[in-house]
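A.B. asks: This is the structure, below, for whatever I ask next.
All of the numbers you see were taken from the coordinates with simple rules; none came from a lab. Keep in mind that what you see is a predicted model, and the values were worked out from it rather than measured. So basically every Cβ, Gly included, is an ideal-geometry build from the backbone, and we count neighbours across all protein chains shown.
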Amino acid sequence: MIGWTPARFPPPSWGRDREGGIAERLPSRLPPPLTPPHEGEGNARSACWKVLALALAALIAFVVLPAFDAGAQTKRVRPAEEQPENYPDGPNRETTFYSCTACHSFRIVAAQGMSRERWDESLNWMVERHRMPEVKGEERDKILDYLAAAFPERTQPGGWKNPFTGK
């Protein structure tokens, strides 16, 4: 027999007491726990199944899992509608566009409206938080010039308004 088998045990000691009545008492002995199969019984088969299971797991690990990773390593394809020409014209537009789209869509950049100082803080934050390669010197100035000119800080007319009351 393969697997675990219940051990043999005597039936519980239910029966009549000395006066002839039925005794309702707990068994004098609890049954023993399940015991493993005896030596030589089913061990060759179980070992064969274990080896087969390990071989199948290795096959999955070395063949199927790298296929999932290969898709993640392909080069990011930029959507056709997102090109530098779709954004405000200005000096350094292409430099800024390709620097930003190395990590994310340029739409997220175009949706912002910040001052040059805030754009600079945003670049510092991406370097610290998201491990963006640091852009220094003249290239950083070109990027900041374009961002500040093309996407300037936005202000609401009439000052701040509560979005819940509209006042």
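A.B. asks: Sort V135, V109, V51 so the one with the fewest other Cβ atoms within 10 Å of its own Cβ comes first.
C.D. replies: Numbers: V135 17, V109 20, V51 10.
Taking fewest neighbouring Cβ atoms as first place, the list is V51, V135, V109.
A.B. asks: ³J(HN,Hα) across the range 94-107 via Karplus (A = 6.51, B = -1.76, C = 1.60, θ = phi - 60°), whole Hz, x for Gly/Pro?
C.D. replies: Listing the rounded values in order: 5, 4, 5, 4, 6, 5, 6, 6, 5, 10, 8, 5, 6, 4 Hz.
A.B. asks: What order do you get for H104, H130 when you list them from fewest to most C-beta neighbours inside 10 Å? Mind dumping the intermediate values first?
C.D. replies: Values: H104 13, H130 9.
Arranged by neighbour count, lowest to highest, H104, H130 become H130, H104.
A.B. asks: In what order do D141, D89 fall by count of nearby beta-carbon atoms within 10 Å, going from fewest to most?
C.D. replies: Ranking D141, D89 by Cβ neighbours within 10 Å, fewest first, gives D89, D141.
A.B. asks: Taking 0.36 nm per residue of sequence separation and subtracting the Cα-Cα distance, how much length would be gained by fully extending the chain between Q112 and R140, in nm to one decimal?
C.D. replies: Values: separation 28, 0.36 × 28 = 10.08 nm, distance 1.80 nm.
Stretched out fully, the Q112 to R140 stretch lengthens by 8.3 nm.
A.B. asks: Can I ask one more? So how much slack lies between F62 and A149, counting 0.36 nm per residue of separation and subtracting their Cα-Cα distance, in nm? The partial results should precede the final answer.
C.D. replies: Numbers: separation 87, 0.36 × 87 = 31.32 nm, distance 5.15 nm.
Full extension of this stretch gives 26.2 nm more.
A.B. asks: At a Förster radius of 35 Å, what calculated FRET efficiency corresponds to the Cβ-Cβ distance of E82 and T165, to the nearest 0.05? Show your work: numbers first, answer last.
C.D. replies: On the way: r = 38 Å, r/R0 = 1.08.
Once the sixth-power term is evaluated, E becomes 0.40.
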